[in-house]
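The values are calculated or read from the model by the stated rules, or taken from the named source; none is laboratory data. These numbers come from a predicted model, not from an experiment. Here the Cβ positions follow ideal geometry from the backbone for every residue, glycine too, while neighbour counts run over all protein chains shown.
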Amino acid sequence: MNYKSIIKAILLVLAIASIVALFVPDPQPGPQAACASATTANPQANSGNPGPAAVSPKVVAYYFHTTYRCSSCRKIEAYSREAIESGFAKELKDGRVAWCVVNVDDRANRHFIQDYQLFSKSLVLVKMKDGKQAEWKNLVKVWQLLGDREDFLRYVQAELRSYLEAS
């Protein structure tokens, strides 16, 4: 076997692996379970049960991705999660903030591409009022700050804090 045949075989394997990667579902659960109450009225709110279940979120933080995810995309999700969980643990627990990871390649989630004018993997904050979307913002600087974890965390926390305070 000569080197040309070896290169062709390697390229063929890479092409097949790329095609397979497009169709293999992400092992992560869909947003329906984790985020169902984040954007709709909570049925428990009127059941007389006090506590977090009765509070509808004031801000929903969505991380939107596709099935194929590069290391930078995974890093943005991890940093975003860290920023929100470390800076807003109380708000997450009491339900004022919701964190949702959404695969826009899933048919049920494709509308988010139009809804939030997505062109890449994105972190979007959605301000809720009376259980309905009032305002949203795509935090586009997450891509610029990816190389500086501390600045990334400060940026996400400052943006989320301003959305919470304005609610």
Go through Phe88, Phe119 for me and flag whichever is touching a residue at least 24 places away in the same chain (Cβ under 8 Å) and among the aromatic types (Phe, Trp, Tyr).
-> Phe88
Would segment 91-108 turn up any residue that is surrounded by 15 or more Cβ atoms within 10 Å (Cβ to Cβ), polar (S, T, N, Q) and touching a residue at least 12 places away in the same chain (Cβ under 8 Å)?
-> yes
Selected residue (criterion: nearest to Val104 (Cα to Cα)) from residues of segment 123-136 that are modelled with pLDDT of 95 or more and out of contact with any helix residue (DSSP H, G or I) (no Cβ under 7 Å at 6 or more places or on another chain) | Val124
Take Phe152 and decide whether it is in contact with a helix residue (DSSP H, G or I) (Cβ under 7 Å, 6 or more places away or on another chain), within 21 Å of Cys70 (Cα to Cα) and aromatic (Phe, Trp, Tyr).
-> yes
Tell me, please, whether a residue that is assigned to a helix (DSSP H, G or I) and modelled with pLDDT of 85 or more can be found in segment 53-71.
-> yes
Is at least one residue of segment 128-146 β-branched (Val, Ile, Thr), under 23 Å from Lys58 (Cβ atoms) and part of a strand (DSSP E or B)?
-> no
Can you tell me which residues in segment 112-167 are out of contact with any Phe, Trp or Tyr (no Cβ under 9 Å at 6 or more places or on another chain) and hydroxyl-bearing (Ser, Thr, Tyr)?
-> Tyr155, Ser162, Tyr163, Ser167
Of these, Glu165, Glu159, which one is on the phi < 0 side of the Ramachandran plot, assigned to a helix (DSSP H, G or I), acidic (Asp, Glu) and within 17 Å of the chain's Cα centre (by Cα)?
-> Glu159
For segment 114-130, which residues satisfy the criterion of being surrounded by fewer than 15 Cβ atoms within 10 Å (Cβ to Cβ) and not acidic (Asp, Glu)?
-> Gln114, Gln117, Phe119, Ser120, Lys129
Is segment 110-122 home to any residue that is in a loop (DSSP other than H, G, I, E, B) and touching a Lys or Arg at 6+ places or on another chain (Cβ under 9 Å)?
-> yes
